[in-house]
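Working notes, beginning with the structure itself.
The values are calculated or read from the model by the stated rules, or taken from the named source; none is laboratory data. Keep in mind that this is a model prediction, so the values were computed, not measured. When we count neighbours, we look across all protein chains shown, and the Cβ atoms used for this are built from the backbone with ideal geometry, even at glycine.
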There are 2 protein chains.
Amino acid sequence: MGGDFAPANVIMGAVEALKETQNRFEIIFVGPEAVIHDQLRRVQANGAAFRIVDAPDVIDMHDGATAVLKQKKNSSIAVGMNLHRDGKADAFVSAGHSGAVMSASTLILGRIEGIGRPTIGAFFPSERGVTLLVDAGANVDCKPQHLFEFGVMGSIYTRQMFGIPSPTVGLLSIGEESSKGNDVVKEAHKLLEGSGLNFVGNVEGRDILKGAVNVVVCDGFVGNILLKFAESVPGFLKFKVKQAAATSALMSVMGLMMKNMMRGVLRSMDYEEYGGVPILGVNGISIIGHGKSTPKAIKNMIFKAEEMVLKNINGKIQEALVLAK
Amino acid sequence: MGGDFAPANVIMGAVEALKETQNRFEIIFVGPEAVIHDQLRRVQANGAAFRIVDAPDVIDMHDGATAVLKQKKNSSIAVGMNLHRDGKADAFVSAGHSGAVMSASTLILGRIEGIGRPTIGAFFPSERGVTLLVDAGANVDCKPQHLFEFGVMGSIYTRQMFGIPSPTVGLLSIGEESSKGNDVVKEAHKLLEGSGLNFVGNVEGRDILKGAVNVVVCDGFVGNILLKFAESVPGFLKFKVKQAAATSALMSVMGLMMKNMMRGVLRSMDYEEYGGVPILGVNGISIIGHGKSTPKAIKNMIFKAEEMVLKNINGKIQEALVLAK
């Protein structure tokens with residue numbers, strides 16, 4: 001039931017994932033059974049390897065993240081996460097209430113040993129491919145140790161999932177020198193420098209889109225503000241183009257062309273391709289999709305979950321934590 | 001001697017400001033006398049109301065902000081700021097070493113009574129005009145009281161300089177509810193709510209370009225990262241357009257058109273129009289220009305300084321501090 005276009009997009013994307021892979025895996029739809037059946041009738045789901053597990057409670061976007069897990073024990077998030085914890089599912093994905101998925105992941109799955117705070121990353125486009133920013137909003141008021149852990153998790157994720165042998169890790173600050181930044185960042189710099197990571201030092205706000213590093217480490221307060229600012233850029237540019245187009249007929253034609261071209265240019269800023277963001281540091285595979293997830297985004301999110309399972313990301317994070325200390 | 005194109009752009013811009021206003025004010029050029037004379041010979045400065053005060057030391061961009069003021073006592077920043085403190089100049093503007101200008105402003109001019117930390121703002125373009133973000137990098141590890149002061153100073157500045165009768169002030173956080181944010185922001189929320197400011201509550205990263213408020217209050221760590229990220233957006237878009245243009249002849253033509261149109265669209269992101277950012281909270285008028293300031297940017301910076309003097313911004317900040325408490 002997760003996301004603005006649930007259950008339609010969720011089911012369409014999942015069925016598409018099964019068809020495309022010829023049932024390489026099985027999908028368990030968790031939600032109100034009748035609603036799921038009704039939706040399944042609208043898509044060509046014959047032969048697709050799925051099951052349904054009933055979860056009648058639906059979490060509203062206005063529900064509090066932690067409280068709702070106690071109040072709505074039979075939500076798709078709670079029921080689905082329990083299936084994963086109990087080994088009946090290998091991974092959990094949802095385009096629903098981010099806070100509730102984050103809370104359920106931490107509370108139900110538990111943390112990887114050695115991880116103080118699980119994290120959500122965000123993918124930023126860059127001149128050299130994709131940059132992973134951790135943390136993107138799960139953790140505020142972080143301690144240096146938490147930033148260090150984000151660096152370790154981000155490094156393992158990009159190495160495994162993007163195939164970068166030795167991902168570069170940068171610490172987001174307001175100057176390149178190690179003396180620049182706030183107190184927490186200055187301490188985190190020492191921890192990262194002493195680790196076995198490919199830590200290149202501080203990076204600045206301008207280095208993200210440049211792709212100066214593969215992994216940008218920051219507090220979730222900064223990360224979330226930056227992520228939401230970045231997400232607002234395409235809308236702002238569209239507004240400005242529309243404004244310019246209104247000034248003359250020539251500008252109007254150019255505006256239309258520009259709009260089409262910009263769509264291609266800005267595609268790399270699109271969450272659809274990355275299919276959601278992983279929660280790293282929990283004892284399981286849990287991915288949060290965008291609220292506006294299209295069927296394609298849902299499909300890609302499922303593929304990412306499968307890949308994370310097969311590559312044993314969590315085992316590798318645990319190994320790396322031991323080595324980096 | 002400040003900025004990448006000094007002294008040429010500085011002198012061209014200043015002479016232009018005098019010509020355009022028919023010597024409405026007098027300009028004191030502070031720097032190595034011979035270099036200034038040499039440069040003045042290259043522009044039509046006849047009849048312009050300027051004087052020269054020799055300041056042989058030149059601050060390098062690699063100099064430390066505070067240390068250099070002790071080592072290079074005869075830099076244009078130190079000498080010029082002293083002229084202002086001693087009442088021989090009504091304002092000080094520079095496109096030089098930002099850190100040194102900030103330090104000199106605080107150390108030489110001193111702080112306005114009631115201000116714990118002077119601040120530098122930054123102007124962001126928005127769908128509804130310009131948004132002032134304070135602090136843009138002068139202060140990290142802020143206390144709630146500092147954020148409150150930034151709100152007061154930002155409100156006065158935008159009211160006086162942009163003519164907005166009751167500027168809206170938002171506190172940058174990761175959710176609209178007052179319960180969202182880090183510890184400092186949650187405390188600052190209470191202080192701002194209890195003030196006489198037109199405080200609308202928390203705003204998020206996406207609200208800046210939307211122009212949801214006139215003044216966005218944040219810690220300088222967040223502000224500086226955001227500012228540098230925003231400044232890197234036009235370069236990233238140019239890179240993507242160039243990349244797209246390389247794919248075909250048609251795309252190449254469209255890319256060229258788009259480049260031209262984008263120039264207009266992105267002009268509002270241009271520091272040139274705002275002519276530098278003011279240091280607020282010091283006992284004087286001090287403006288920092290962009291290192292790449294054009295003559296036009298220098299000219300506008302001088303006009304802004306004049307306007308700040310005539311509007312008695314500092315007197316109004318002091319009054320507002322008393323009222324807001």
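Taking the stated definitions as given, is B:F236 touching a helix residue (DSSP H, G or I) at 6+ places or on another chain (Cβ under 6 Å) and either among the hydrophobic types (A, V, I, L, M, F, W, C) or at positive phi (or both)?
Against the criterion (touching a helix residue (DSSP H, G or I) at 6+ places or on another chain (Cβ under 6 Å) and either among the hydrophobic types (A, V, I, L, M, F, W, C) or at positive phi (or both)), B:F236 qualifies.
If a residue must be in contact (Cβ under 8 Å) with a residue 60 or more places away in the chain, crowded, with 18+ Cβ neighbours inside 10 Å and more than 18 Å from A:L132 (Cβ to Cβ), how many such residues does the stretch A:166-201 contain? Before you say what the answer is, go through the steps one by one.
Going residue by residue through the stretch A:166-201, those that are in contact (Cβ under 8 Å) with a residue 60 or more places away in the chain are A:195-197.
Cutting the leftovers down to crowded, with 18+ Cβ neighbours inside 10 Å gives us A:195, A:197.
Next, from what is left, pick out any that are more than 18 Å from A:L132 (Cβ to Cβ): none.
Residues that pass the stated criteria total 0.
For the stretch B:97-108, a residue qualifies if it is more than 14 Å from chain A (Cβ to nearest Cβ) and out of contact with any Ser or Thr (no Cβ under 7 Å at 6 or more places or on another chain), and the qualifying residues are B:A100, B:A104, B:T106, B:L107, B:I108. Can you tell me which residue is surrounded by the most Cβ atoms within 10 Å (Cβ to Cβ) among those in the stretch A:11-35 that are more than 18 Å from A:G80 (Cα to Cα) and in contact with a Pro (Cβ under 7 Å, 6 or more places away or on another chain)? Residue satisfying both the conditions and the ranking: A:M12.
Of note, A:A249 does not satisfy the criterion of being more than 7 Å from every other protein chain (Cβ to nearest Cβ), surrounded by fewer than 21 Cβ atoms within 10 Å (Cβ to Cβ) and in contact with an Asp or Glu (Cβ under 9 Å, 6 or more places away or on another chain). Checking each residue in the stretch B:205-235 for being outside any helix (DSSP H, G or I), facing chain A (nearest Cβ under 10 Å) and surrounded by fewer than 22 Cβ atoms within 10 Å (Cβ to Cβ) picks out B:R206, B:G211. In summary, A:V322 fulfils each of the numbered conditions (1) surrounded by fewer than 21 Cβ atoms within 10 Å (Cβ to Cβ); (2) within 22 Å of A:N82 (Cα to Cα); (3) among the aliphatic types (A, V, I, L, M) with the single exception of condition (2). Figure legend. Inter-residue proximity from the stretch B:124-138: first residues more than 10 Å from every other protein chain (Cβ to nearest Cβ), second residues among the acidic types (D, E), beta-carbon distance below 7 Å, spacing 6+ or different chains. Indicated pairs: B:D135/B:D219. A single entry from A:L69, A:L107, A:L83 fulfils the requirement of being of a type in the set (A, V, I, L, M), under 18 Å from A:M308 (Cα atoms), over 18 Å from the mean Cα position of the chain (by Cα) and part of a helix (DSSP H, G or I): A:L83.
Filter the stretch A:274-303 for residues that are among the basic types (K, R) and at pLDDT below 95; which is farthest from the chain's Cα centre (by Cα)? Taking the candidates together, the pick is A:K296.
Looking only at residues in the stretch A:166-204 that are within 23 Å of the chain's Cα centre (by Cα) and in a loop (DSSP other than H, G, I, E, B), the one that is farthest from B:P234 (Cα to Cα) is A:L197.
Residue check: A:A212 meets all listed conditions (1) modelled with pLDDT of 90 or more; (2) over 23 Å from A:A188 (Cβ atoms); (3) not β-branched (V, I, T) but one, namely (2).
Taking the options B:L310, B:L321, B:L226, name whichever one is within 15 Å of the chain's Cα centre (by Cα) and at pLDDT 85 or above. Checking each option against the conditions leaves just B:L226.
Residue check: is A:A136 of a type in the set (A, V, I, L, M), in contact with a Gly (Cβ under 6 Å, 6 or more places away or on another chain) and outside any helix (DSSP H, G or I)? Spelling it out, A:A136 is indeed of a type in the set (A, V, I, L, M), in contact with a Gly (Cβ under 6 Å, 6 or more places away or on another chain) and outside any helix (DSSP H, G or I).
If we scan the stretch B:149-164, do we find a residue that is within 13 Å of chain A (Cβ to nearest Cβ) and either more than 19 Å from A:A138 (Cα to Cα) or in a helix (DSSP H, G or I) (or both)? Steps first, answer last, please.
Taking the stretch B:149-164 and keeping what is within 13 Å of chain A (Cβ to nearest Cβ), we get none.
No: zero hits.
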